[in-house]
Amino acid sequence: MNQPDPAVAAPGAAVRPPSTADYIAFHAAQRPDAIAVIDGARRVTWDRFHNDLRRVTHALRGFGLAPGRFAAVEWTTLYSHWLLLLGFENLGVATTTYMPGNWQREPLLDLMDLVICTPDKVPEGDFRVHRLTREWLAAVLGDSPPDDAAPVARPPDAPNHVIKGSGTTGSTKLMIRTNAANEFLTAQLALNAGFTRESRYLLTLGFGI
């Protein structure tokens with residue numbers, strides 16, 4: 001993946017580490033009409049990906065979750081799922097993905113400040129829930145790109161993602177991955193796979209990487 005200029009801040013401003021949104025914005029500026037995401041029959045350009053992420057970040061800000069809080073997002077489709085996870089990342093909110101088959105008694109949800117799920121998959125328990133409907137998502141993506149979607153600074157030790165272990169020990173293990181750990185694992189993946197600035201690659205399990 002091509003790397004953006006590390007100096008992402010304006011002259012004289014504090015420099016923060018590049019976020020995923022910065023990489024997307026970089027590609028949108030360099031090759032806006034190139035295909036960034038293929039999700040079934042959907043083809044999404046870098047420009048559309050960048051602006052859709054700005055729209056979703058703006059919508060998620062309305063839930064009022066402070067940096068360091070937690071949100072769970074039900075897996076639905078690749079593109080909408082990426083937008084929700086990356087939108088929360090822009091806000092400094094840690095996320096977890098959970099599959100529809102686990103929605104009734106999912107231990108991950110006990111940590112969550114907000115659960116986003118389809119209307120027929122509302123989990124049991126006292127959770128703050130936002131029902132993810134096609135109408136809501138269409139309305140969000142139909143808005144004009146806002147000006148308040150810049151990513152927040154993410155401290156290295158702040159939570160980024162929550163992972164559920166396999167439960168091979170007889171009990172489910174919940175692991176909170178920090179921003180620093182997430183960056184390290186991503187860098188290791190790129191190194192082990194031999195990715196370079198000229199690499200093009202296929203990602204099939206977007207919620208896992």
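The values are calculated or read from the model by the stated rules, or taken from the named source; none is laboratory data. On a predicted model such as this, the values are computed, not experimentally measured, just so you know. Methodologically, a virtual Cβ is constructed for each residue, glycine included, from the backbone with ideal geometry; neighbour enumeration extends over all protein chains shown. For the accessible areas, the whole protein counts, side chains as well, though only heavy atoms, and no ligand, DNA or RNA atoms are used. Shrake-Rupley method; radii C 1.70, N 1.55, O 1.52, S 1.80 Å.
Going by the alpha-carbon gyration tensor, a ≥ b ≥ c the square roots of its eigenvalues, is region 59-99 rounded (a/c under 1.5) or, if a/c is not under 1.5, prolate (a/b greater than b/c) versus oblate? All intermediate terms of the calculation are to be shown ahead of the outcome.
Values: a/c = 2.16, a/b = 1.60, b/c = 1.35.
It is prolate, given that a/c is not under 1.5 and a/b is the larger ratio.
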For this session: With all protein chains present, calculate the accessible area of I176 using a 1.4 Å probe and round the result to the nearest 10 Å².
Result: 90
Exercise. Going by a ≥ b ≥ c, the root eigenvalues of the Cα gyration tensor, does region 55-164 fall in the rounded group (a/c under 1.5), the prolate group (a/b larger than b/c) or the oblate group?
Worked result: oblate
Seminar exercise, completed: Length gained, L141-T20, 0.36 nm per residue minus C-alpha separation, equals 41.6 nm
For this session: Would you tell me the accessible area of R177, worked out with a 1.4 angstrom probe on the heavy atoms of the protein chains, in Å² to the nearest 10?
Result: 60
For this session: Assuming R0 = 35 Å, can you tell me the calculated FRET efficiency for the pair A29 and H130, based on Cβ-Cβ distance, to the nearest 0.05?
Result: 0.65
For this session: Give me the number: length gained by fully extending N192 to I38, i.e. 0.36 nm times residue separation minus the C-alpha to C-alpha distance, one decimal in nm.
Result: 53.0 nm
Exercise. What ranking of H58, H81, H161 comes out by heavy-atom accessible area, probe 1.4 Å, highest first?
Worked result: H58, H161, H81
